[in-house]
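Visitor: Provided herewith is a single structure, encoded as structure tokens, for subsequent inquiry.
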Amino acid sequence: MAKLTFSIGGIHPADSKLAKDCKIEVLPLPDKVYVSMAQHLGAPAKPVVAVGDSVKAGQILAEPGGFISAYVHSPVSGTVKSIGPRKDLAGFNQTHIEIDVQGDEWAEGIDLSPELVTALPEDTAFILDRIKMNGVVGLGGATFPTHVKLSPPPGKKADCLILNGAECEPFLTSDYRILLESTDEIVVGAAIMQKVLGGCPCVIGIEENKPEAIKAVKASVARLAYPGIRVETLRKRYPQGGEKQLIDAVMHRQVRSGGLPIDVGAVVQNVATSLAVYEAVQKNKPLVTNVLTITGDCIAPERQHNYFFRIGMPLSFIAEQAGGVPEGAVKLISGGPMMGKAIANLDAATVKGSSSILYLGESTRRGQQGPCIRCGRCADACPMGLEPFLLKRLWAAGDASALEANAVQDCIECGCCQYSCPANIPLLDNIRMAKAQVMGIIRARNAKK
Ligand code: SF4
Ligand code: SF4
């Protein structure tokens, strides 16, 4: 079978999937959890509990703060100790609900049994309501509320649901483990989303470096026999899991600048989101758990783990369970080495989209920066067809209108340009700031319309 891939740019960093054979382990509960109100794209959630309230696991703690927002639930049973600002992993203050953990009693109506439920609900409004009420958001990085993404605007329709099982970032293995350990649940989740989208075909895309996952998911798709679901092997190439790159690879359609996947008939969801949809719809279980990888190039194999965590657990608590921060770690990253964010505060709480604690050693320190030698490698590597060297120059010149004209807003922050640059120029760091500025200008202009 042909292996699918995207048309332009991309790079081939080493896999480094060091934790791929580590089965998912369940973490013990900490004494306290800190549940953030800002763990999804859009408006922060608004607390509906008060200090002193007793809560059960799965109980609603906060309601959506706007149309693009999501419910937040308690990951444990206990007592609300405080509600107030606390620093997130980047060091920014966000409202958190602090809970003294007093056990693991779950709210009524949540099915925690391992029994697989394969019969799909008939009513799509019921399905969307369950996804919304259980706080499901995209777990591939963007944390966009899933019920909104599964509701195409009037005049738009989905031609294809793409399930992203690429996990193309080096080191990360949480998606791989759930593909192996929750295979059937992911396929049922896909069938649920397919139904909500009107029965369009569904392609589950998995990179070629995960043959066991491809085999397991193909067997599950055949066994469960929902119509219109197939597995496609994707070529190993970064950023194969980017939304626009997946659409290009699977549907051979291009999302225009400023456009959305649904404009070309595509809806892309991550495999972890599919598992969360399954649990929300078939088990009425809110999104309060996820899987996170502890890995890196400076820790021993026995200290690599894939952990099933509850949202609100401090990262420092999870790091301690795996033996603490290793000597020799010079960088701590949440997410992958290409698109992840530096951890400025290890006491930050995990959120729905947490995917890793990545420790990188001395060898990943950036080399001495030199002048641009105009080799063009950054432009060759850019999967969005941008000219990173030019964007960097325009940012240095403070020319926002030229940055917009050269489509800095289309940058997907994949880091291919920076990775490819022989002069060690921090292209992504500069382009990220330029993009933030231009996006602010575009939003302000649209608000005036
Ligand atoms: S970070 Fe942006 S500019 Fe650089 S390669 Fe990726 S999409 Fe292109
Ligand atoms: S890769 Fe680096 S050195 Fe080469 S053109 Fe781009 S910015 Fe210049």
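Visitor: Only residues that are part of a strand (DSSP E or B) and either surrounded by fewer than 21 Cβ atoms within 10 Å (Cβ to Cβ) or of a type in the set (S, T, Y) (or both): list them for the stretch 68-85, please.
Guide: First, pick out the residues of the stretch 68-85 that are part of a strand (DSSP E or B): 72-73, 78-85.
Within the stretch 68-85, T79, V80, K81, S82, I83, G84, P85 qualify.
Visitor: Please verify whether A249 is aliphatic (A, V, I, L, M) and touching a Phe, Trp or Tyr at 6+ places or on another chain (Cβ under 9 Å), treating the condition exactly as stated.
Guide: Yes; evaluated as a whole, the condition is true for this residue.
Visitor: Can you tell me which residues in the stretch 1-37 are among the charged types (D, E, K, R) and in contact (Cβ under 8 Å) with a residue 40 or more places away in the chain?
Guide: K3, D15, K17, K20, K23, E25, D31, K32
Visitor: Among (1) in contact with a strand residue (DSSP E or B) (Cβ under 6 Å, 6 or more places away or on another chain); (2) within 13 Å of ligand 1 (Cβ to nearest atom); (3) under 25 Å from L41 (Cα atoms), which single condition is L428 missing?
Guide: (1)
Visitor: Looking at the stretch 148-166 only, could you name the residues that are closer than 17 Å to I229 by Cβ and of a type in the set (D, E, K, R)?
Guide: D159
Visitor: While we're looking at this one, here's another question. Mind checking which residues of the stretch 338-350 are in contact with an Asp or Glu (Cβ under 8 Å, 6 or more places away or on another chain), assigned to a loop (DSSP other than H, G, I, E, B) and surrounded by 23 or more Cβ atoms within 10 Å (Cβ to Cβ)?
Guide: The one that is in contact with an Asp or Glu (Cβ under 8 Å, 6 or more places away or on another chain), assigned to a loop (DSSP other than H, G, I, E, B) and surrounded by 23 or more Cβ atoms within 10 Å (Cβ to Cβ): A348.
Visitor: Would you mind telling me which numbered condition in (1) surrounded by fewer than 19 Cβ atoms within 10 Å (Cβ to Cβ); (2) over 28 Å from K331 (Cα atoms); (3) modelled with pLDDT of 95 or more R374 fails?
Guide: Among (1) surrounded by fewer than 19 Cβ atoms within 10 Å (Cβ to Cβ); (2) over 28 Å from K331 (Cα atoms); (3) modelled with pLDDT of 95 or more, the lone unmet condition for R374 is (3).
Visitor: Checking K341 against (1) touching a helix residue (DSSP H, G or I) at 6+ places or on another chain (Cβ under 6 Å); (2) within 16 Å of ligand 1 (Cβ to nearest atom), only one condition comes out false. Which one?
Guide: (1)
Visitor: Output the residues belonging to the stretch 388-397 that are buried (at least 17 other Cβ atoms within 10 Å of the Cβ) and more than 8 Å from ligand 2 (Cβ to nearest atom).
Guide: Residues satisfying the conditions are L391, L394, W395.
Visitor: Filter the stretch 91-135 down to residues that are at positive phi and touching a strand residue (DSSP E or B) at 6+ places or on another chain (Cβ under 8 Å) and give me whichever is surrounded by the fewest Cβ atoms within 10 Å (Cβ to Cβ). Reasoning before the result, please.
Guide: Residues of the stretch 91-135 that are at positive phi, as a first pass: 91, 103, 109, 135.
Now narrow it down to the ones that are touching a strand residue (DSSP E or B) at 6+ places or on another chain (Cβ under 8 Å): 103, 135.
Values: G103: 11, G135: 29.
The qualifying residue surrounded by the fewest Cβ atoms within 10 Å (Cβ to Cβ) is G103.
Visitor: Does M433 meet the test of being closer than 21 Å to E243 by Cα and surrounded by fewer than 17 Cβ atoms within 10 Å (Cβ to Cβ)? Steps first, answer last, please.
Guide: Values: closer than 21 Å to E243 by Cα: no; surrounded by fewer than 17 Cβ atoms within 10 Å (Cβ to Cβ): yes.
For M433, the condition - closer than 21 Å to E243 by Cα and surrounded by fewer than 17 Cβ atoms within 10 Å (Cβ to Cβ) - is not met.
Visitor: While we're on this one: Return yes when L403 is outside the structural domain of P261 (by TED's automatic domain parsing), over 27 Å from the mean Cα position of the chain (by Cα) and within 12 Å of ligand 1 (Cβ to nearest atom) and no when it is not.
Guide: Yes: the conditions hold for L403.
Visitor: Give me the residue from the stretch 351-371 that is part of a loop (DSSP other than H, G, I, E, B) and crowded, with 19+ Cβ neighbours inside 10 Å and, out of that set, nearest to ligand 2 (Cβ to nearest atom).
Guide: Quick first cut of the stretch 351-371, residues part of a loop (DSSP other than H, G, I, E, B) only: 351-355, 361, 365-371.
Remaining after also requiring crowded, with 19+ Cβ neighbours inside 10 Å: 351-355.
On the way: V351: 34, K352: 36, G353: 31, S354: 32, S355: 28 Å.
The extreme case among them is S355.
Visitor: Name the single residue that is farthest from ligand 1 (Cβ to nearest atom) among those in the stretch 407-419 being in a helix (DSSP H, G or I) and in contact (Cβ under 8 Å) with a residue 60 or more places away in the chain. Let's see the steps before the verdict.
Guide: Keep residues of the stretch 407-419 that are in a helix (DSSP H, G or I), which gives 408-410, 416-419.
From what's left, in contact (Cβ under 8 Å) with a residue 60 or more places away in the chain: 409-410, 416, 419.
Working: Q409: 10, D410: 7, C416: 4, Y419: 8 Å.
Across the stretch 407-419, the extreme among qualifying residues is Q409.
Visitor: While we're looking at this one, here's another question. For residues that are in contact with a helix residue (DSSP H, G or I) (Cβ under 6 Å, 6 or more places away or on another chain) and in a helix (DSSP H, G or I), scanning just the stretch 372-385, find the one that is farthest from ligand 1 (Cβ to nearest atom).
Guide: R377
Visitor: Is there any pair with a first residue in the stretch 348-366 that is over 16 Å from F171 (Cα atoms) and a second that is among the aromatic types (F, W, Y) whose Cβ atoms are under 7 Å apart and which are 6 or more apart or on different chains, and what are they?
Guide: That search, which allows pairs on different chains as well, returns A349/Y34; T350/F309.
Visitor: Suppose we filter P422, P388 for residues that are more than 14 Å from ligand 1 (Cβ to nearest atom) and either touching a residue at least 60 places away in the same chain (Cβ under 8 Å) or not assigned by TED's automatic domain parsing to the domain that holds S36 (or both); which single one remains?
Guide: Just one listed residue meets the conditions, P422.
Visitor: Within the stretch 410-426, can you find the residues that are buried (at least 17 other Cβ atoms within 10 Å of the Cβ), at negative phi and under 26 Å from the mean Cα position of the chain (by Cα)?
Guide: D410, C411, I412, C414, C416, C417, Q418, Y419, S420
Visitor: Moving on. Check V325, V268 and return the single one that is without any contact (Cβ under 8 Å) to a residue 60 or more places away in the chain and among the hydrophobic types (A, V, I, L, M, F, W, C).
Guide: It is V325.
Visitor: Just need a number here: residues in the stretch 42-67 that are under 20 Å from the mean Cα position of the chain (by Cα) and buried (at least 17 other Cβ atoms within 10 Å of the Cβ).
Guide: 4
Visitor: All but one of (1) more than 20 Å from the chain's Cα centre (by Cα); (2) touching a residue at least 24 places away in the same chain (Cβ under 8 Å) hold for E122; which doesn't?
Guide: (2)
Visitor: Right, something else. So which pairs qualify, if the first residue must be in the stretch 226-247 and on the phi > 0 side of the Ramachandran plot, the second must be assigned to a loop (DSSP other than H, G, I, E, B), the Cβ gap must be under 6 Å, and the two must be at least 6 apart or on different chains?
Guide: As it stands, the answer is G228/P201, since those pairs meet every condition given.
The values are calculated or read from the model by the stated rules, or taken from the named source; none is laboratory data. Being a predicted model, the structure only gives us computed values, none of them experimental. Glycine also receives a Cβ, built like all others from the backbone with ideal geometry; neighbour counts cover every protein chain displayed.
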